[in-house]
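The values are calculated or read from the model by the stated rules, or taken from the named source; none is laboratory data. Fair warning: this is a prediction, and the values are worked out from it, not measured in the lab. Note that each Cβ is placed from the backbone with ideal geometry, even for glycine, and that neighbours are counted across all protein chains shown.
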Amino acid sequence: MKRILVAEDEKSIRDFIIINLKRAGYDVVAASDGEEALRLYDDYDGDFAIALLDIMMPKMDGMEVCAKLREKSSTLGIVMLTAKAQEMDKVMGLLKGADDYITKPFSLSELMARIDAIFRRVSISRGVGESQEKKSTDNFDKIEQGEFILHLRGRNIEYKGKIIELTQMEFNIMEFFFKNPNVALDREEILRYAWGEDFYGDDKVVDVNIRRLRMKIEDDPSNPVHLLTVWGLGYKWIA
């Protein structure tokens, strides 16, 4: 289902987004504030592929909506819209669980490229479980490395017997690491694998997702022993 939730309080921008997403074949459900966005999400039983959220909204801001939506779904694609160019807004949105961000003003081509890229990754993420369930054996279901088990159908990771839920992008990153253990991977490689070859963004999203992953899987996130930084290049996974 190409259904997208758009939460934007400025009517002119909201109408512009709605018209162009509909032209591109998306089923758009629109909200003018954060509380309405959450209410609509529940009204549709969470049947959305993407949520496009403005940060500055009345009643409930986009950051809080993002965090609440991420609690409800690990596979929902979340893109933040912000009029602010400050670094902290972008980082905070990603730390709250967003997959990407777009800074206003933005062009139509940029908007559609970002949305289409996230939709493709969401579709792949949601489709993998179904396709593997039909052909699965234990060998296809998981990848084990050290005390970690990456569950391919469940799209989560197990560490010391505890299941850790991952967002779609976090899972894509971990899948790439598990396929390349002990290999130094640069940010561009990780970005292409997790977000797609034609991703219309920068590699900052990789750094923030690594921070989120460290908080989930490292015993001491400030002193990681599994997700290591390779200075000047990117990251290395050591199970």
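Would you check if Leu69 is modelled with pLDDT of 95 or more and either surrounded by fewer than 16 Cβ atoms within 10 Å (Cβ to Cβ) or more than 20 Å from the chain's Cα centre (by Cα) (or both)? If you could, list the steps in order and put the result at the bottom.
Working: modelled with pLDDT of 95 or more: yes; either surrounded by fewer than 16 Cβ atoms within 10 Å (Cβ to Cβ) or more than 20 Å from the chain's Cα centre (by Cα) (or both): no.
So Leu69 does not fit the description; no.
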Next on the checklist: For a quick check of your reading of the model, give me the residue pairs whose first member lies in segment 152-166 and is in contact (Cβ under 8 Å) with a residue 60 or more places away in the chain, whose second is surrounded by 16 or more Cβ atoms within 10 Å (Cβ to Cβ) and acidic (Asp, Glu), with beta-carbon atoms closer than 9 Å and at least 6 apart or on different chains.
Outcome noted: Arg155/Glu175; Ile157/Glu170
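Yes/no matrix, rows are residues, columns are (1) among the hydroxyl-bearing types (Ser, Thr, Tyr); (2) surrounded by 17 or more Cβ atoms within 10 Å (Cβ to Cβ):
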| position | (1), (2) |
| --- | --- |
| Ala83 | no, no |
| Lys90 | no, yes |
| Gly93 | no, yes |
| Asp99 | no, yes |
| Thr103 | yes, no |
| Ser109 | yes, no |
Next on the checklist: Restricting to segment 1-50, name every residue that is in contact (Cβ under 8 Å) with a residue 60 or more places away in the chain, outside any helix (DSSP H, G or I) and surrounded by fewer than 18 Cβ atoms within 10 Å (Cβ to Cβ).
Outcome noted: Lys2, Ala24
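When you scan segment 129-208 for helices (runs of 4 or more DSSP H) that lie fully inside it, which ones turn up with 2 or more residues that are surrounded by fewer than 16 Cβ atoms within 10 Å (Cβ to Cβ), of a type outside the set (Phe, Trp, Tyr) and at pLDDT below 85?
On the way: elements: 138-141, 168-179, 187-195.
So the answer is 138-141.
Per-residue answers, yes or no, for (1) at pLDDT 95 or above; (2) under 24 Å from Ala113 (Cβ atoms):
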position	(1), (2)
Ile17	yes, yes
Lys22	yes, yes
Asp27	yes, yes
Ala31	yes, yes
Glu36	yes, no
Leu40	yes, no
Ile50	yes, yes
Met56	no, yes
Gly62	no, yes
Checklist entry - What number goes with the only condition from (1) surrounded by 17 or more Cβ atoms within 10 Å (Cβ to Cβ); (2) closer than 18 Å to Thr75 by Cα; (3) over 17 Å from the mean Cα position of the chain (by Cα); (4) among the basic types (Lys, Arg) that Arg212 does not pass? => result (3)
